[in-house]
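The values are calculated or read from the model by the stated rules, or taken from the named source; none is laboratory data. Just so you know, these numbers come straight off a predicted model, no measurement behind them. Cβ sites come from the backbone with ideal geometry, for glycine too, and all protein chains shown count toward neighbours.
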Amino acid sequence: MDESIIGVLAEIEKEKGISQDILIEAIESAVASAYKKNYGAKNDIEVNMNKDTGAIKVFDKKVVVKKVSNPSNEISIDELKLSDKDKDKYKIGDIIFIEITPREFGRIAAQTAKQVIVQKIREAERKLIYETYIDKERDIVTGIVQRIENRNVIMDLGRAEALLLPNEQIRNEEYYKGKRMKVYILEVRKTSKGPKILTSRTHPELLKRLFELEVPEIHEGLVEIKSIAREAGKRSKVAVYSRDEKVDPVGACIGDKGSRIKAIMAELKEEKIDIVRWSNDEKTFIANSLSPAKVLAVDLLEKERKAIVVVADQQLSLAIGKEGQNARLAAKLTNWKIDIKRETSQANEKDGQETDSINSSTNSV
């Protein structure tokens, strides 16, 4: 070992942010283990690395006693053969260190130090990656598809890899090497092999973050997203509200000639997005949520948290949507069960005639 190792440690501290003291302490500990392994030492030893020269020395740790009963960690005061100058230096019970560095130990020490440095750099990089991405948990990042393994998409985020599991992928979306896309970071886990980053393309918060990026009024707090109902890759509904009467929340989200909403849809495999004006009046909000259908009346059953919605006969299929999608998303968006009835059925209900309706289960978004 020589001064060059100190220069290496200084460079590592500068580039990787790992303290020299931490590295030296780790090297000393590792070299002590290497010494015991190679020389079969069972007694207490201590390794010291000179911070200026990089020289490593091994010391045998012993207790000064009057009569030795355990030679592995004790030494008689008479054995010390003290010079006249040192005769009063030690007393019974003192701990002394006797150098036992083998001449040929330098190569082993250097190899061990190298291994420790590599390990510490790896640990520091893993820690830095974890700290970087734990701050991005519940946020979106841009990644590039690196490879696909057993339907799992592995993405390159720049400083780390992320995993997009099959159940977090948009159905029928094509993933191929080199594809650039935005993902929502669900969770960052610590593992023995480094951070494991789990992402999603289906989470409603991905849609919310995209709106925050594309719509300045949302980023600035003038427009607020109140709730989101999403069936990834197919259709979503977003309820918005403006804190400023002069700002139209729906228009702000759509943008000039639909520029903002088109950019978001393009990111999500052309997923259809309905922008719904939020209202603190439940009837109004429920009516708005069924857009693009026109609602004639809303009757609320508070105890059941159920809404009876009446639409014109020709609007029934539009209100329900394909396979019940429009009504289902409206129910998720408003957190109300929605029963849609056509106008003529509602009028004739008293006469016991058959009615058309759909019940949509409620889910909190």
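Of all residues in region 36-49, which are closer than 19 Å to residue 71 by Cα and in contact (Cβ under 8 Å) with a residue 40 or more places away in the chain? Residues satisfying the conditions are 39, 45, 46. Scanning region 264-282 for residues that are of a type in the set (A, V, I, L, M) and either in the same structural domain as residue 301 (by TED's automatic domain parsing) or surrounded by 14 or more Cβ atoms within 10 Å (Cβ to Cβ) (or both) returns 264, 265, 268, 273, 275, 276.
Condition test on residue 225, is it of a type in the set (A, V, I, L, M), out of contact with any Lys or Arg (no Cβ under 7 Å at 6 or more places or on another chain) and either buried (at least 16 other Cβ atoms within 10 Å of the Cβ) or over 30 Å from residue 154 (Cβ atoms) (or both)? No; evaluated as a whole, the condition is false for this residue.
For region 251-262, how many residues meet the condition of being surrounded by 17 or more Cβ atoms within 10 Å (Cβ to Cβ) and within 16 Å of residue 277 (Cα to Cα)?
Narrowing region 251-262 to residues surrounded by 17 or more Cβ atoms within 10 Å (Cβ to Cβ): 252-254, 260-261.
Next, from what is left, pick out any that are within 16 Å of residue 277 (Cα to Cα): 252-254, 261.
Within region 251-262, residues that are surrounded by 17 or more Cβ atoms within 10 Å (Cβ to Cβ) and within 16 Å of residue 277 (Cα to Cα) number 4.
Within 18 Å of residue 320 (Cα to Cα), not acidic (Asp, Glu) and not assigned by TED's automatic domain parsing to the domain that holds residue 337: does that describe residue 236?
Numbers: within 18 Å of residue 320 (Cα to Cα): yes; not acidic (Asp, Glu): yes; not assigned by TED's automatic domain parsing to the domain that holds residue 337: yes.
Yes.
List every residue pair whose Cβ atoms lie under 8 Å apart, where the two residues are 6 or more positions apart in sequence or sit on different chains, the first residue falls within region 51-80 and is free of Cβ contacts under 8 Å to residues at least 24 places away in the same chain and assigned by TED's automatic domain parsing to the domain that holds residue 111, and the second residue, located anywhere, is of a type in the set (S, T, N, Q) and in a strand (DSSP E or B). Listed pairs, sorted by first residue: 67/76; 68/76.
Of all residues in region 182-203, which are closer than 14 Å to residue 264 by Cβ and surrounded by fewer than 19 Cβ atoms within 10 Å (Cβ to Cβ)? Residue satisfying the conditions is 182 alone. The strands (runs of 3 or more DSSP E) found entirely in region 119-186 that carry 3 or more residues being over 26 Å from residue 214 (Cα atoms) and touching a residue at least 24 places away in the same chain (Cβ under 8 Å) are 140-149. Counting only strands (runs of 3 or more DSSP E) that sit wholly inside region 210-300, those with at least 2 residues that are small (Gly, Ala, Ser) and touching a residue at least 12 places away in the same chain (Cβ under 8 Å) are 223-231, 235-242.
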